[in-house]
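The next block holds one structure in the form of structure tokens; read it before the comments.
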Amino acid sequence: MTRTMYDSVSVSSLPADATMVAGYADGLYANLTAMRARFPHATVVSIAVRYTTRAQVLDVETGDATPAQAVVWCRQTMADTPNSQLTVYCNTSTWPAVRAALAAAGESPPQYWVAQYDGVASIPGGAIAKQYRTTPGWDASIVADYWPGVDAAPTPAPPSPPPVPPEDIVTPEDIAAVAAAAATAVWNHTEPDPLSGGTARMGTVQAWRDQVAQNKTSELERQIAASTAAITALVNQLGAQHGTVDTAAVVAAVQAAIAAAVVHVDVNVTGPTAA
């Protein structure tokens, strides 16, 4: 995304609807104050033509600052501002000399606003803006969406929330929650006490499960004992009736008795209640 910026030595000649303009902070055509007055809601970029003047941009071209003076402007005049937040304006033909001067002095590169009046609104690599059109009243530049030193730094996007695992995946947190629940006292029950005859105590979910299992086991044992008694009585009855008991008949009778005695154990256990 790019923007169009207008600059001129005559503030009144600029388009009234301009949202980004550049004005001179010093020199014969200093007009920065008038530029800000006419465009109070626009982004106003300040240009210095002398290397001793503080501004956002230094103009390096014939009659203004030189490539060597661009080094002094960055190193001394604007020493409190990182070079990455400063901009040098120059023609594309002068651009190599400016870069060479800064590199020879060990200065890190600033931003570059270059001029090439070819009517092509595109920014060359290594530049932040390009002045591509000139008219009798104003010049037009194509400018990057974010210009360091001119625009406020963009607000970083908030971090993305961690992904939510699908419902069918058991996480370590799930396991910990189940373990904590199993150890939490949630119901009352009475345990035999040889001294008091019965004491109400708190129980956990795990204790409740253990009691359910114990009740089922006890019911099964009772039914097995009942089945055993029924089988014994049947064998005794056969012996009394026939005297000599036929083994095959006993086996058949026992099998029938077991089949009749086996039931589905479904203990009706009342679930836990809040303590």
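The values are calculated or read from the model by the stated rules, or taken from the named source; none is laboratory data. Computed from a predicted model, the values in this text were never measured in an experiment. Using ideal geometry, Cβ is built from the backbone for each residue, glycine included, and neighbour counts are taken over all protein chains shown.
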Item checked: Test set (1) within 38 Å of the chain's Cα centre (by Cα); (2) crowded, with 20+ Cβ neighbours inside 10 Å - Leu14 fails condition number -> (1)
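May I ask you to list the residues in region 110-128 that are in a loop (DSSP other than H, G, I, E, B) and under 19 Å from Pro67 (Cβ atoms)? Walk me through it before giving the result.
Within region 110-128, the first condition is being in a loop (DSSP other than H, G, I, E, B), and the residues that meet it are 110, 116-128.
Pro110, Gln116, Pro124, Gly126, Ala127, Ile128 - these are the residues of region 110-128 that are in a loop (DSSP other than H, G, I, E, B) and under 19 Å from Pro67 (Cβ atoms).
Please pick out the residue among Ala22, Ala42, Ala65, Ala70 that is among the small types (Gly, Ala, Ser), buried (at least 18 other Cβ atoms within 10 Å of the Cβ) and closer than 20 Å to Tyr146 by Cα.
Numbers: Ala42 fails: buried (at least 18 other Cβ atoms within 10 Å of the Cβ); Ala65 fails: closer than 20 Å to Tyr146 by Cα; Ala70 fails: closer than 20 Å to Tyr146 by Cα.
Exactly one of Ala22, Ala42, Ala65, Ala70 is among the small types (Gly, Ala, Ser), buried (at least 18 other Cβ atoms within 10 Å of the Cβ) and closer than 20 Å to Tyr146 by Cα, namely Ala22.
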Note to self: Please determine whether any residue of region 107-116 is outside the structural domain of Thr19 (by TED's automatic domain parsing) and within 27 Å of Thr19 (Cα to Cα).
What the structure shows: no
Next item on the list: Filter region 129-153 down to the residues that are more than 17 Å from Ala48 (Cβ to Cβ) and part of a loop (DSSP other than H, G, I, E, B), then identify the one that is modelled with the lowest pLDDT.
Entry: Ala153
